[in-house]
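Asks: Here it is: the structure, laid out below.
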Amino acid sequence: MRLTRTLQAAACAAALLLTAACGSSGSGGGSSAGLNPPDLKAPTKLGRTEGQVNLIAWAGYVENGSNDPKADWVSGFEKQTGCQVHSKVAASSDEMVKLMKTGEYDAVSASGDASLRLIASGDAAPVNTELVPNYKDVFAGLKNGAWNSVKGQMYGIPHGRGANLLMYDTEKVSPAPTSWSAVFDDASKHKGHVTAYDSPIYIADAALYLKATKPELKIKNPYALDQKQFDAAVALLKKQNADIGEYWSDYLKEVSAFKSGDSVVGTTWQVIANLAAGEGAKVKAFVPKEGSTGWSDTWMVSAKAEHPNCAYKWLDWIVSPKVNAQVAEYFGEAPANSRACAETSDKNFCTTYHAADEGYWKHIAFWNTPIEQCLDGRKDVTCVPYAKWVQAWTEIKG
């Protein structure tokens with residue numbers, strides 16, 4: 001199941017993108033057409049495997065049975081390819097970016113708030129999807145995203161996706177909420193029992209709400225905020241802070257808080273909602289009428305990879321139907337491969353996680369990296385870069 005995924009960002013890491021030229025992109029899809037990364041070439045063919053591959057991954061993505069005997073998709077890969085897997089679990093996107101810069105790793109399972117940084121800095125190489133046979137079965141909504149491609153060139157292979165949902169205690173929150181107003185404008189109704197995700201990227205959640213409720217701000221993309229728009233989102237979150245009981249990054253703590261009643265409404269993931277309900281909490285989770293933010297992880301190959309052939313073998317393996325199904329169920333997210341749904345042990349899994357419901361994902365604004373060159377295509381203003389988001393998050397929390 002999904003483990004803690006903290007996204008506290010370092011200002012110096014975000015600064016990598018400050019000089020990158022970036023143009024139009026959608027909040028939930030569309031290539032980052034204006035980004036001009038270094039001129040790197042994807043391989044045209046694969047050679048002999050090198051005998052090992054060094055990976056950086058979120059906890060739960062590279063399992064060899066040592067954490068859970070039932071979770072092992074590494075052994076089969078090693079046997080089939082001869083590539084011995086060495087992996088390092090990263091606790092944050094910033095750690096992933098830092099580790100990729102060392103040149104010691106071949107591939108990384110980057111989230112959207114890291115992938116553009118890796119592309120712009122030249123640490124991630126473009127990927128030849130023709131060399132990854134299982135890519136053809138990846139859901140269309142995950143291809144050529146604003147967070148994993150530039151001008152139609154993919155910089156990785158999509159792994160899975162998930163939405164940041166609104167969860168509430170059905171016995172203590174009435175009437176049932178339909179909007180993010182439950183944690184923003186109406187948060188005082190549950191003062192001290194509101195919870196929010198502990199990360200600078202959560203500023204995008206406030207921006208998404210303001211996009212719908214304050215049209216005069218003209219927010220098009222929650223990751224492309226000029227100073228006025230950014231200030232409005234920060235002000236909303238500072239106001240919200242007075243009603244927050246706990247900011248969370250550890251999913252077990254959120255489960256515990258909803259079970260005890262310390263939290264009654266706030267941001268969550270589907271896997272957390274499932275766990276909380278399974279342990280007796282009276283909760284429901286959903287995408288509010290304004291839509292939601294979310295994540296889409298992408299396996300990216302290092303531009304300095306010492307074992308690129310094994311890395312490509314891993315990319316194909318991890319999105320093969322059976323393996324992608326195993327990872328998705330263990331981790332708690334929708335699989336990337338459309339054929340994986342037929343391989344899940346829980347036959348309702350893909351329905352629960354909306355894996356094949358592209359209409360559902362159109363309402364999800366996947367995490368992206370805010371940079372000065374506005375991701376919504378505006379040329380007449382400067383947008384607030386992620387380094388400033390990090391600074392503001394510290395101020396918001398007090």
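Asks: Please find the FRET efficiency linking GLU104 to ALA235, where r is the Cβ-Cβ separation and R0 is fixed at 35 Å, and quote it to the nearest 0.05.
Replies: 0.25
Asks: At LYS362 and GLU78, where each label point lies 7 Å from the Cα along Cα→Cβ, what is the point-to-point distance in nanometres?
Replies: Going from the LYS362 label point to the GLU78 one covers 4.5 nm.
Asks: Right, next: Which trypsin sites (Lys or Arg not before Pro) in the range 181-287 sit in a loop by DSSP (not H, G, I, E or B) and have at most 12 other Cβ atoms within 10 Å of their own Cβ?
Replies: Passing both the DSSP loop test and the Cβ count: LYS191, LYS218.
Asks: Run the numbers for VAL89 and ALA59: contour at 0.36 nm per residue of separation, minus the present Cα-Cα distance, in nm.
Replies: 10.2 nm
Asks: Taking other Cβ within 10 Å of each residue's Cβ, how do LEU210, LEU131 sort, fewest first?
Replies: By the 10 Å Cβ count, ascending, the order reads LEU131, LEU210.
Asks: Could you line up PHE366, PHE286, PHE258 from fewest to most neighbouring Cβ atoms inside 10 Å?
Replies: Arranged by neighbour count, lowest to highest, PHE366, PHE286, PHE258 become PHE286, PHE366, PHE258.
Asks: Could you derive backbone 3J(HN,Hα) for the range 128-141 from the dihedral phi with the Karplus parameters 6.51, -1.76 and 1.60 (θ = phi - 60°), listing whole Hz in sequence and x where the residue is Gly or Pro?
Replies: In residue order, the calculated couplings are 8, 5, 5, 8, 10, x, 6, 4, 4, 9, 5, 3, 4, x Hz.
Asks: What net charge do the residues around ASP376 carry, taking every other residue with its C-beta under 10 Å from that of ASP376, with Lys and Arg at +1 and Asp and Glu at -1?
Replies: Within the 10 Å Cβ shell, the charges total +2.
Asks: Compute and list, largest first, the equivalent-ellipsoid semi-axes of the chain from the alpha carbon gyration tensor, each √(5λ) rounded to a whole angstrom.
Replies: Taking √(5λ) for each Cα gyration eigenvalue gives 33, 26, 17 Å.
Asks: Okay, moving on. At 0.36 nm per residue, and after removing the present C-alpha to C-alpha distance, how many nm does the segment from GLU246 to ALA342 gain when stretched out fully?
Replies: 30.7 nm
Asks: Still on this model: Please sort 169-177, 381-389 by packing, taking for each peptide the average over its residues of neighbouring beta carbons within 10 angstrom, highest first.
Replies: So the order, starting with the most tightly packed, is 381-389, 169-177.
Asks: Spelling out what I want: for every residue of the range 44-53, take phi, set θ = phi - 60°, compute 6.51 cos²θ - 1.76 cosθ + 1.60 (Karplus), and round to whole Hz; glycine and proline get x.
Replies: Per-residue couplings from phi come out as 9, 7, 9, x, 5, 5, 8, x, 7, 8 Hz.
Asks: Now for a separate question. Count the net charge of all other residues whose Cβ sits under 14 Å from the Cβ of ALA257, scoring Lys and Arg as +1 and Asp and Glu as -1.
Replies: -3
Asks: What residues have an amide H closer than 5 Å to that of VAL283, excluding those fewer than 5 places away on the same chain, when H is modeled at 1.01 Å from N in the peptide plane?
Replies: THR170
Asks: If you stretched the chain out fully between ASN67 and LEU46, how much longer would it get, using 0.36 nm times the residue separation minus the C-alpha to C-alpha distance?
Replies: Taking 0.36 nm per residue and subtracting the Cα distance, the gain is 4.3 nm.
Asks: Can you give the net charge of the other residues whose Cβ lies under 15 Å from the Cβ of PHE77, counting K and R as +1 and D and E as -1?
Replies: Result for the neighbourhood of PHE77: -3.
Asks: Right, another one. Show me 287-293, 266-272, 54-60 ranked by packing, highest mean number of other Cβ atoms within 10 Å first.
Replies: Averaged packing, sorted descending, gives the order 266-272, 54-60, 287-293.
Asks: Would you please give the residues with an amide H less than 5 Å from that of TRP248, counting only those at least 5 places away or on a separate chain, with H modeled from the backbone geometry?
Replies: Counting only residues 5 or more places away or on other chains, the set is ALA196, TYR197, ASP198.
Asks: Label-point separation (nm) for SER260 and THR170, each offset 7 Å from Cα along Cα-to-Cβ?
Replies: Each label point is offset 7 Å from its Cα along the Cβ direction, giving 2.4 nm.
Asks: Determine which lysines satisfy two conditions relative to LYS218: a Cα distance under 25 Å, and not lying fewer than 8 residues away in the same chain.
Replies: LYS228, LYS238, LYS239, LYS289, LYS362, LYS379, LYS388
Asks: How large is ³J(HN,Hα) for each residue in the range 259-274, as worked out from phi by the Karplus curve 6.51 cos²θ - 1.76 cosθ + 1.60 (θ = phi - 60°), to whole Hz, x for Gly and Pro?
Replies: 5, 7, x, 5, 10, 10, 7, x, 6, 8, 10, 4, 5, 5, 4, 4
Bear in mind that the values in this text are calculations on the coordinates, not laboratory data. Quick caveat, the model's predicted, so the values are computed rather than measured. Every residue, glycine as well, gets a Cβ built from its backbone with ideal geometry; the counts of neighbours run over all protein chains shown.
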